[in-house]
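Asks: Please see the structure below; I have some questions.
The values are calculated or read from the model by the stated rules, or taken from the named source; none is laboratory data. Since the structure is predicted, the reported quantities are computational estimates derived from the model, not experimental observations. Because the Cβ atoms are built from the backbone with ideal geometry, glycine has one as well, and the counts that use them run over all protein chains shown. Heavy atoms of the whole protein, side chains included, go into the accessibility calculation; ligands, DNA and RNA do not. Shrake-Rupley method; radii C 1.70, N 1.55, O 1.52, S 1.80 Å.
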Amino acid sequence: MFSRKRWWTTLLVLAAMVVMVRLGIWQLERLEQRRVFNAHVLAGQMASPLELTAATLKEPLETMEYRTVTVTGEYDVENQVALRNRVWYGKPGYDLLTPLKIEGTDQAILINRGWVPATGYASGEAQTYPAWGEVTVIGIIRLSQTAPDFGGIGDPTPMPGEHLLVWNLTNIRAIASQIPYTILPVYLQRAPDASLPADVNDWTEAHLPYPGLPEIEITEGPHMGYALQWFTFALILGIGYPIFVARQKQHERSI
């Protein structure tokens, strides 16, 4: 295999085997990441609901993603912002992110109130979807997004006195820098409540903004299958190439 005639081909085969094995290992690493993520989500979903009050504000909320939370307070629509490029059943629009001043405290938590259509919301028109008086919100804890996904666009850091009304990311620290009171380091994604029809097709403009929780698939995905495929390809190449070379030599001797 390492004769003058075949050494270059042999090196290419060995390089291909190394690449295939590395791709298989990469898929196993992706599988382990998926398992860690699944465990993280399930831990949050299975935890007992938390009532966010003055007594529980010191809890390590950043370790409780996907945990159900109930909080009571008043919305501050004057400091509301919108998240652009949000889609609801194929329709473009915004998510409204509104501070909720927590009852009995001097702190607030950002609430993703839900989706509104692009045609019905213009930047800064918080009065289009007002929310006055004391409310009780049920939702799940979500973490701040500090960097965009691959290929995404980040947000500029607001200058002192600047107030950005539309954002690409739920970057809590950046958004909080333009709000004149303390904002918790996590936000709450509002869940649909009993006031909404059970079928989303029956929701009307009166129900805007439309709340919704993320649909998370708790599976291991195709990573194990892909890993086995790459290892199999490497094994076939590793066994097949020497057999091919041996037959070629046998053929050459018989000529």
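Asks: Being open to solvent by less than 70 Å² (accessible area, probe 1.4 Å) and of a type outside the set (S, T, N, Q) is the filter here, so list the residues in the range 232-254 that pass it.
Replies: Scanning the range 232-254 gives 234, 237, 238, 240, 241, 242, 245, 246.
Asks: Scan the range 100-114 and give yes if some residue there is without any contact (Cβ under 8 Å) to a residue 12 or more places away in the chain and either surrounded by 14 or more Cβ atoms within 10 Å (Cβ to Cβ) or under 25 Å from residue 203 (Cα atoms) (or both), otherwise no.
Replies: Scanning the range 100-114 turns up no residue that is without any contact (Cβ under 8 Å) to a residue 12 or more places away in the chain and either surrounded by 14 or more Cβ atoms within 10 Å (Cβ to Cβ) or under 25 Å from residue 203 (Cα atoms) (or both).
Asks: Would you confirm whether or not the range 29-40 contains a residue that is of a type in the set (A, V, I, L, M, F, W, C) and touching a Lys or Arg at 6+ places or on another chain (Cβ under 6 Å)?
Replies: Within the range 29-40, none of the residues are of a type in the set (A, V, I, L, M, F, W, C) and touching a Lys or Arg at 6+ places or on another chain (Cβ under 6 Å).
Asks: Name every residue in the range 139-162 that is open to solvent by 90 Å² or more (accessible area, probe 1.4 Å) and either within 28 Å of residue 191 (Cβ to Cβ) or among the aromatic types (Phe, Trp, Tyr) (or both), in order of residue number.
Replies: Answer for the range 139-162, where residues must be open to solvent by 90 Å² or more (accessible area, probe 1.4 Å) and either within 28 Å of residue 191 (Cβ to Cβ) or among the aromatic types (Phe, Trp, Tyr) (or both): 146, 149, 150.
Asks: Give all pairs with beta carbons closer than 7 Å in which a residue from the range 161-182 that is closer than 20 Å to residue 93 by Cα meets a residue that is among the aliphatic types (A, V, I, L, M) and open to solvent by 30 Å² or more (accessible area, probe 1.4 Å); count only pairs at least 6 apart in sequence or on separate chains.
Replies: Sorted first by the residue in the range 161-182, then by its partner, the pairs are 168/153.
Asks: Looking at (1) open to solvent by 80 Å² or more (accessible area, probe 1.4 Å); (2) under 26 Å from residue 222 (Cβ atoms); (3) of a type in the set (Gly, Ala, Ser), which one does residue 16 not meet, given that it meets all the others?
Replies: (1)
Asks: Let me ask you something else. Inspect all residues belonging to the range 156-169 and state whether any of them is part of a loop (DSSP other than H, G, I, E, B) and either aromatic (Phe, Trp, Tyr) or in contact with a Phe, Trp or Tyr (Cβ under 8 Å, 6 or more places away or on another chain) (or both).
Replies: No - not one qualifying residue is present in the range 156-169.
Asks: Could you tell me how many of the residues in the range 192-240 are in contact with a Lys or Arg (Cβ under 6 Å, 6 or more places away or on another chain) and aliphatic (A, V, I, L, M)?
Replies: 0
Asks: Related question: Here are some conditions: (1) assigned to a helix (DSSP H, G or I); (2) of a type outside the set (S, T, N, Q); (3) within 19 Å of residue 143 (Cα to Cα). Residue 245 meets all but one. Which one does it not meet?
Replies: (3)
Asks: Could you tell me how many of the residues in the range 170-228 are surrounded by 11 or more Cβ atoms within 10 Å (Cβ to Cβ) and in a helix (DSSP H, G or I)?
Replies: 13
Asks: Considering only residues that are touching a Ser or Thr at 6+ places or on another chain (Cβ under 9 Å) and farther than 17 Å from residue 61 by Cβ, which ones fall in the range 176-190?
Replies: Matches in the range 176-190: 177 only.
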